[in-house]
1. For segment 12-56, what are the residues that are closer than 23 Å to ALA150 by Cβ, of a type in the set (Gly, Ala, Ser) and in a loop (DSSP other than H, G, I, E, B)?
2. Here's a check for you: in segment 18-55, which residue that is at pLDDT 95 or above, touching a Phe, Trp or Tyr at 6+ places or on another chain (Cβ under 9 Å) and of a type outside the set (Val, Ile, Thr) is surrounded by the fewest Cβ atoms within 10 Å (Cβ to Cβ)?
3. Taking into account only those residues within segment 165-180 that are surrounded by 17 or more Cβ atoms within 10 Å (Cβ to Cβ) and among the aliphatic types (A, V, I, L, M), which is farthest from the chain's Cα centre (by Cα)?
4. What number of residues in segment 68-105 are assigned to a helix (DSSP H, G or I) and under 19 Å from the mean Cα position of the chain (by Cα)?
5. Looking for something among the basic types (Lys, Arg), more than 14 Å from the chain's Cα centre (by Cα), closer than 28 Å to LEU76 by Cβ and not in a strand (DSSP E or B) - is there at least one such residue anywhere in segment 106-125?
6. For GLY185, indicate whether it is small (Gly, Ala, Ser), surrounded by 15 or more Cβ atoms within 10 Å (Cβ to Cβ) and modelled with pLDDT of 90 or more.
7. PHE112 is checked against (1) at pLDDT 95 or above; (2) assigned by TED's automatic domain parsing to the domain that holds ILE62; (3) of a type in the set (A, V, I, L, M, F, W, C) and fails just one. What number does that condition carry?
8. Being under 17 Å from MET111 (Cα atoms) and among the aliphatic types (A, V, I, L, M) is the filter; apply it to segment 2-17 and report the residue that is surrounded by the fewest Cβ atoms within 10 Å (Cβ to Cβ).
Amino acid sequence: MPLSLGLIGYGHFGAFLHVLAQRYLPDAQLMIHSPRRKPDGVLFFPLEDVAACDAVVLAVPISAYPETLAQIGPHLGDDSVVVDVATVKKYTMDLLQALQPARPYLAMHPMFGPESYAKRGSDVTGFRIVITGHSLAPERYTTLLDKLAAAGFSVVEKTAEAHDKDLAETLFLTHYIGQVVAHGGFERTDIDTVSFGSLMDAVESVRHDGKLFEEVCRFNPYCRQVIERFDASDRQIRNAMLGLPPPERGQG
């Protein structure tokens, strides 16, 4: 029997997962449910049908996890695996284990998105996928790792706490700086240096992810520590720059 794959949520990242599923699981029976966005040409199914699939991927906002898990609970198949791909891992894993304690699950975070996928010409070689926990049988998990490696992905295994701490100091910090630059109205010019071009690439990759940016800060406690560190460093550098003496006026 071919694998049945349920995808719940069809926002920016959910639509991207649809693309990946069609590419890497062409034989799977794919069923999609979205309570909101329903673009033309995409067939959607009732939630109870999608929740009954062999693997059920949650591509919903982090804040929607409690409600979504409660809704799908009665409809999950006996062996359905819930796949958590949220950007924050400790919060969502705790919810999974509290609301579905006996449910097979896989908690993972793809460290890339549609922008980087397009920029690389759809080449996923070396793209990292972090796995922070699972309750799959050993042989099933090994098969998954083999398939990911064969596709070119690089799997990193670490705890949810370690993931969230590292993410706060990398992805969230990039979002934070990107949002500051975007809100400041800074733009490209015709004399950009390579380093400024790289900065603006980062800004453009996160410019439209304001909702995700807010949710990561809300549900990842390490983000507040990063903001405080960044703010202290910013004040130190700003005061040093603004405290420099003005240039001496030329002798006339």
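The values are calculated or read from the model by the stated rules, or taken from the named source; none is laboratory data. Keep in mind that this is a model prediction, so the values were computed, not measured. A quick note on method: Cβ atoms are made from the backbone with ideal geometry, for glycine too, and the neighbour counts reach across all protein chains shown.
1. Selection gives ALA28 alone.
2. LEU20
3. Once the filter is applied, the top-ranked residue is ALA168.
4. First, the residues of segment 68-105 that are assigned to a helix (DSSP H, G or I): 68-75, 90-99.
If we keep only those that are under 19 Å from the mean Cα position of the chain (by Cα) too, we end up with 68-69, 90-96.
The total comes to 9.
5. no
6. On the way: small (Gly, Ala, Ser): yes; surrounded by 15 or more Cβ atoms within 10 Å (Cβ to Cβ): no; modelled with pLDDT of 90 or more: yes.
Considered against the rule, which asks whether it is small (Gly, Ala, Ser), surrounded by 15 or more Cβ atoms within 10 Å (Cβ to Cβ) and modelled with pLDDT of 90 or more, GLY185 comes out as no.
7. (1)
8. That would be ALA15.
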